[in-house]
Amino acid sequence: MTTRRLYYDDAFQDNFTAEVLSCKPLADPLAGQDATCWGVLLDQTHLYPTSGGQPNDLGKLGEANVLDVRDLENDDILHVVDRPVPAGRIDGCIDWPRRFDHMQQHSGQHLLSAVFQERFGLPTVSFHLGESACTIDLRGPQPSVQILEGAARAANAIVFEDREISVRYGTAEQFAQMGVRKQVERTGTLRAIEIAGIDLQPCGGTHVRRTGQIGTILLRGCSKIRQDWRIEFLCGSRAESAARKDADMLARVAAQLKCAPQDLDGSVERLLQEREVATRNLRSLLPKLADADVATRLQSIAPSGDGEVVVVEMLQNLGPEYLQFYATALTRSEKVLALLAVQETGALLFAQHPAVGKDMNALLRGVVDQLGGKGGGTKDFARGALADQAKASAALALAESMLKQK
């Protein structure tokens, strides 16, 4: 027999009684569950299984915690629980806040999809209800800012009208005659959700009874996903929570910038301009600073008998741009070879004046092959990074040793 789905007719019922048909240990326990899980079949259930983009309900069967609810191929519903349950009648209950949240998001998705298709010609091709955000994927041209704002306003207007949301049953042919939003090819009696005056869509999910129960619909972004456009949205309690966090964040940032929240645009634009000027100035000063540091550094090193100068240096708190300028300035001098490492990041830079005649790329590869890391370059200039920055000193010592062996 197939499991009777009580939530089809009353998604607001949060408890039920059912007959336990079987309870068996599962061969494939849930990820993260060390202990054995059990699979329970009931004659009827109010617990919704993962399906159609909507996650499963959670709850309890007797004393057992429901960890997952799965839709089986034969139209049975499998309840995954953390302990065995006895045969016979059993009381079940639903995690109601989770259920109602899913109802708000799913009904909001139907409403948004209807608005995007009816008013802007953008059909929904998929839907996902996540733990923190929900998305619909639209097919067609990129929705402009005006379209996104228009869709949000239109959907929220219907929310405020508190229209009825009802369940209908019929065949695909009957629904097609009634103007269903998306045709389905299934045969037999189908279940559909109707939002009065705006949408009719076959769906097996749980929904609220009126649009007012959806709460505010908040669009959070639009991004390109393959050939479609993914709209992120939140409804009801999720939208309220996100709006409150956004307002708190804006207030904190405004306080840090010493401006009113409504003046943030101007303050951020001013900061970006100042950063651009500072970056240009820094880039013009870095080569000059490197030249000065190199002049001092070379004065402190005595050349070897053949005139070669080997600079081995562990640098601190230096960015990659300055490291390159510093190495370049060092190796402008004939017969200078530089082995440089940055302590905080494990960055390595081996460079030489061409007259030295070594192979910096081979040297670097020899070091990272032994100590772990990656990098490469040319015969005169090679850069890399250690997998473990704590080995920076060992890398310099190894590079020196390898040079002496050649």
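Structure summary
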item	result
Residue selected from segment 20-60 under the condition modelled with pLDDT of 95 or more and of a type in the set (Asp, Glu), by the criterion surrounded by the fewest Cβ atoms within 10 Å (Cβ to Cβ)	Asp43
Verdict on Ala397 being surrounded by fewer than 19 Cβ atoms within 10 Å (Cβ to Cβ) and among the small types (Gly, Ala, Ser)	yes
Unmet requirement for Asp248, which otherwise passes all of (1) in contact (Cβ under 8 Å) with a residue 40 or more places away in the chain; (2) more than 30 Å from Gly319 (Cβ to Cβ); (3) not hydrophobic (A, V, I, L, M, F, W, C)	(1)
Output for segment 309-340, where each listed residue is under 15 Å from Gly377 (Cβ atoms), open to solvent by 10 Å² or more (accessible area, probe 1.4 Å) and either at pLDDT 95 or above or assigned to a helix (DSSP H, G or I) (or both)	Pro320, Gln324, Thr328
Boolean, Ile147 is under 22 Å from Gly236 (Cα atoms), in contact (Cβ under 8 Å) with a residue 12 or more places away in the chain and in contact with a Lys or Arg (Cβ under 8 Å, 6 or more places away or on another chain)	no
Among the residues listed as Ala87, Ala64, the single one being touching a strand residue (DSSP E or B) at 6+ places or on another chain (Cβ under 6 Å), touching a residue at least 60 places away in the same chain (Cβ under 8 Å) and not charged (D, E, K, R)	Ala87
In segment 116-143, the residues that are in a loop (DSSP other than H, G, I, E, B) and under 23 Å from the mean Cα position of the chain (by Cα)	Gly130, Glu131, Ser132, Ala133, Gln142, Pro143
Output for segment 87-115, where each listed residue is small (Gly, Ala, Ser) and assigned to a helix (DSSP H, G or I)	Ser107, Gly108, Ser113, Ala114
Any chance Leu257 is more than 30 Å from Ser113 (Cα to Cα) and open to solvent by less than 50 Å² (accessible area, probe 1.4 Å)	no
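The values are calculated or read from the model by the stated rules, or taken from the named source; none is laboratory data. Everything numeric here is computed off the predicted structure, so don't read it as measured data. So basically every Cβ, Gly included, is an ideal-geometry build from the backbone, and we count neighbours across all protein chains shown. For the accessible areas, the whole protein counts, side chains as well, though only heavy atoms, and no ligand, DNA or RNA atoms are used. Shrake-Rupley method; radii C 1.70, N 1.55, O 1.52, S 1.80 Å.
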